[in-house]
1. Looking at region 22-37, is at least one residue of a type in the set (D, E, K, R), in contact (Cβ under 8 Å) with a residue 40 or more places away in the chain and either farther than 25 Å from MET1 by Cβ or in contact with a Leu (Cβ under 9 Å, 6 or more places away or on another chain) (or both)?
2. If a residue has to be exposed (fewer than 14 other Cβ atoms within 10 Å of the Cβ), closer than 14 Å to ALA92 by Cα and in contact (Cβ under 8 Å) with a residue 40 or more places away in the chain to count, how many in region 55-79 make the cut?
3. Hey, among the residues in region 36-53 that are out of contact with any Lys or Arg (no Cβ under 8 Å at 6 or more places or on another chain) and of a type in the set (A, V, I, L, M, F, W, C), which one's surrounded by the fewest Cβ atoms within 10 Å (Cβ to Cβ)?
4. Starting from residues that are of a type in the set (A, V, I, L, M, F, W, C) and modelled with pLDDT of 85 or more, keep the ones in region 90-105 and report whichever is nearest to ASP22 (Cα to Cα).
5. Just to be sure, is ILE7 within 14 Å of the chain's Cα centre (by Cα), at pLDDT 95 or above and not small (Gly, Ala, Ser)?
6. For region 52-83, how many residues are farther than 18 Å from ALA101 by Cβ, of a type outside the set (S, T, N, Q) and not in a helix (DSSP H, G or I)?
7. Do the conditions hold for LYS87, that is, is it over 16 Å from TYR19 (Cβ atoms), in a helix (DSSP H, G or I) and in contact with a Leu (Cβ under 7 Å, 6 or more places away or on another chain)?
8. Exactly one condition in (1) in a helix (DSSP H, G or I); (2) more than 22 Å from THR2 (Cα to Cα); (3) in contact (Cβ under 8 Å) with a residue 12 or more places away in the chain; (4) not charged (D, E, K, R) is false for ALA99; which is it?
Amino acid sequence: MTYYIYILTCSNNALYTGYTTDIERRYAEHVSGSPKCKYTRSFPPQELSACWQIDGELSDALKIEKAIKQCSKTDKLRIIQSTQILKTMLIAKNIDSQALASLKKLEETEDYLISS
C-alpha cells in the first residue's frame with residue numbers, strides 16, 4: 001500500500017510530523033481544524049514542508065514517522081532539505097526495509113503538495 005509521511009510547519013513554528021494514505025484529504029483536515037487533528041487545531045499549518053511517499057506496510061510508515069518525530073527541530077529541517085539525510089538516519093536506526101528503497105520525496109510542483 002502507498003503511505004505518505006509528511007512534515008507541516010505550524011503557526012507556532014513547530015514542525016508537526018504525521019502519516020496518511022491520502023495526503024490531500026489529511027492536509028485539508030489539518031487546515032480546516034478537524035476534530036481529528038488535535039495539535040493543528042491549536043496551531044494551524046502554515047505549509048506542507050515536506051512529504052515522502054513509501055510503498056510498503058503500515059508498520060514501515062509508522063517506523064519512519066516515529067523516527068522523524070524523535071528528531072530535533074534542527075535535524076527535521078535538515079531532513080526536509082534532503083531525502084538522503086533521512087535515508088541515512090533511518091538506516092542508522094536499523095530501519096532498513098524493502099519499503100525504505102521506495103521512499104521518495106514528493107516535490108512541490110506535484111498536485112498534492114498544497115500550501116496555505
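The values are calculated or read from the model by the stated rules, or taken from the named source; none is laboratory data. Predicted model, so just to flag it, every value in this text is computed and none were measured. With ideal geometry, Cβ positions are generated from the backbone for all residues, glycine too; neighbour counts draw on all protein chains shown.
1. Checked against the condition, which is being of a type in the set (D, E, K, R), in contact (Cβ under 8 Å) with a residue 40 or more places away in the chain and either farther than 25 Å from MET1 by Cβ or in contact with a Leu (Cβ under 9 Å, 6 or more places away or on another chain) (or both), region 22-37 yields no hits at all.
2. 0
3. Of everything passing the filter in region 36-53, PHE43 is surrounded by the fewest Cβ atoms within 10 Å (Cβ to Cβ).
4. LEU103
5. In short, yes.
6. 1
7. For LYS87, the condition - over 16 Å from TYR19 (Cβ atoms), in a helix (DSSP H, G or I) and in contact with a Leu (Cβ under 7 Å, 6 or more places away or on another chain) - is met.
8. ALA99 satisfies all of (1) in a helix (DSSP H, G or I); (2) more than 22 Å from THR2 (Cα to Cα); (3) in contact (Cβ under 8 Å) with a residue 12 or more places away in the chain; (4) not charged (D, E, K, R) except (2).
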